[in-house]
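Throughout, read-outs are computed from the coordinates displayed, never taken from laboratory work. Everything numeric in this text was worked out from a predicted model, so none of it was measured. Counting neighbours? That spans all protein chains shown, and the Cβs are built from the backbone with ideal geometry, glycine included.
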Amino acid sequence: MPSTLPSLHREFVERVRNGVVNDRRLAALLAGGSYIHGGFDNHSDLDLVIVVEDENNTEVMASRYGFAESLGNLLAAFTGEHVGEPRLLICLYGPPLIHVDLKFVTRSGLDRLVERPAVLFARDPEEIESLLDQAAIEWPNASPDWFEQRAWIWLHYGATKLARGELFEAMGMLGFFREQVLGPMLHRRSGRPQRGVRRIETLSEPSVERLSGTVPLFEQGSVLDAYLVAVDMYLDLREDAPPLQMTKYMPEAIREYLGSSS
């Protein structure tokens, strides 16, 4: 384990490892996220992958909650359909509080990964390491056209909320736009994987300072200004990797719409 792992996390990882070791239906325990990327602190969550023996997969998936409960004081848990990952069990333990993601996969589920996990335990270490060596590992970065096809629609949608005076919805859409568009594009500019606004504050790019301009006060004019900053930031970041097809009438049309809502 990393020497910087906080004691709370270290003790929990040991409990999960012991749980996997003592359950013959399970083949390995892997770790991803901050465990392998660094920057782990007392506030980090644990991203753990549990490799299930193929013949036991149905049984294990049906009893995941029971396994999670055996690891400690489980306060709440739900599955990850909302992020397109039904194999994921998102858990909160404590007190002291700790967030733990438990993803249950079979060996075949190791063929395509977003990162190379660390092997914390394996009944057959050589086999698991070989599977990981052969895996296609690629972070799901969005393409320039993915951003272009969505940016103006999302900005216009938020602008309609602003025009109606629905400030909470308009502000919420700005947060969504930062997470889905501006943050990933800032990471792209810095040569990093597109991870929303994760640790965006650590980037040295001057544009990060501009991003704070998309966080408005609860006031119509402030929200309008934030949308105009978001438009300008998108156009600036788009220049790093222009899409194959630009959206017609933009940005003029959205600026005109925003101007009419003031």
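What the table shows:
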read-out: Directionally averaged shadow of segment 1-91, computed from the convex hull of its alpha-carbon atoms, nm²; value: 6.2 nm²
read-out: Hydrodynamic radius of segment 1-156 per Kirkwood, over alpha carbon pairs, in Å; value: 16.8 Å
read-out: Centroid-to-centroid separation of segment 82-137 and segment 1-55 [C-alpha atoms, Å]; value: 9 Å
read-out: Against the rule of thumb 2.2 N^0.38 Å, how large the Cα Rg of segment 144-260 comes out; value: 1.00
read-out: Value at 222 nm in deg cm²/dmol, rounded to 500, when DSSP H runs of n ≥ 4 in the chain each add -39,500 (n - 2.57); value: -12500 deg cm²/dmol
read-out: DSSP-defined beta bridges in the chain - what % are antiparallel, rounded to 5; value: 70 percent
read-out: Segment 144-260 - charge dipole about Cα centre, Lys and Arg +1 at Cβ, Asp and Glu -1, debye rounded to 20; value: 380 debye
read-out: Cα centroid separation - segment 150-178 against segment 184-262, whole Å; value: 12 Å
read-out: Selection from Leu203, Leu155, Pro193 lying farthest towards where the dipole of the chain points positive, charges on Cβ; value: Leu155
read-out: Residue (of Leu110, Ala230, Asn141) at the positive-pole extreme of the chain, dipole from beta-carbon charges; value: Ala230
read-out: Residue-span extension gain [Glu239 to Asp111] - 0.36 nm each, minus C-alpha spacing; value: 42.6 nm
read-out: Extension gain (nm, one decimal) between Thr247 and Trp146, 0.36 nm per residue minus Cα-Cα; value: 35.2 nm
read-out: Cβ-placed point charges (K, R +1; D, E -1), dipole of the chain about Cα centre in debye, nearest 20; value: 240 debye
read-out: Counting all C-alpha pairs of the chain, share separated by more than 24 Å (%); value: 58 percent
